[in-house]
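Note sheet for the following structure.
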Amino acid sequence: MSYIAQLSNHFLIAMPTLADPNFEHTVTYLCEHNPQGALGIIINRPTDLTLTDLAEQLDIEVTEPELADTPIYQGGPVQLERGFVLHTPLGEWDSTMEITTEVGLTMSQDIIDAIAGGVGPEQFLIALGYAGWGEGQLEEELAANSWLNGPADSRIIFDYPVEKRWSAAAAGLGVDITTLSTDVGHA
């Protein structure tokens, strides 16, 4: 399958018919998309873990009580033991992928140290694991209508309540996802 337009800084919004339990009703923020594949972070799957739980595992002290219960998200089914932080502004961290001039994805512990100490980025989402697609795989899934996709809106990532992100991301494309039928092939 031929390579389609570069979709970094786009949302992948799971169609109601997508039955894969890893992605059902998810919004994935695509951080990187190129001919070799794609990497994204699911932004609407909080886990039972909190920043305090993660900090304890990393032997870090959370000194900002209002951040202690910050949820940790399931970023995707790949490398569940690895942490990723979507954040704005970019800042100066040890290992950051610049997605836009405002949004970065950091994979180093220094950002967790800073967040726990109250000196991290203004807005952030911490995830364990990521969503990954090999060469041509995402393009095939898009052609099969598994996903809606369109430009990302960082407000949905950082400002919207988690339970509204799926419908809000679709609404940003002019789609009321709750009205899409899950019946396939019926007139």
Return the residues of the stretch 78-100 that are open to solvent by less than 30 Å² (accessible area, probe 1.4 Å), among the β-branched types (V, I, T) and assigned to a strand (DSSP E or B); say none if nothing qualifies. V85, T88
Out of the residues in the stretch 149-176 that are assigned to a helix (DSSP H, G or I) and touching a helix residue (DSSP H, G or I) at 6+ places or on another chain (Cβ under 6 Å), state the one that is most open to solvent (accessible area, probe 1.4 Å). S167
Residue in the stretch 101-117 that is open to solvent by 40 Å² or more (accessible area, probe 1.4 Å) and in a strand (DSSP E or B) present: no
Sort out which residues of the stretch 48-77 are at pLDDT 95 or above, among the aliphatic types (A, V, I, L, M) and open to solvent by 40 Å² or more (accessible area, probe 1.4 Å), and write them in order of number. L49
Number of positions in the stretch 123-147 that are part of a strand (DSSP E or B) and open to solvent by 20 Å² or more (accessible area, probe 1.4 Å): 5
Please enumerate the residues belonging to the stretch 16-47 that are over 15 Å from V78 (Cβ atoms), surrounded by fewer than 22 Cβ atoms within 10 Å (Cβ to Cβ) and in contact (Cβ under 8 Å) with a residue 24 or more places away in the chain. P16, T17, L18, H25, N34, P35, P46, T47
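The values are calculated or read from the model by the stated rules, or taken from the named source; none is laboratory data. The shown structure was predicted, so the numbers you read here are calculated from the model rather than taken from an experiment. Don't worry about glycine lacking a Cβ; one is built from the backbone with ideal geometry, like all the others, and counts go over all protein chains shown. Ligands, DNA and RNA are stripped out before the accessible areas are found, and what is left, the full protein with its side chains, is counted by its heavy atoms. Shrake-Rupley method; radii C 1.70, N 1.55, O 1.52, S 1.80 Å.
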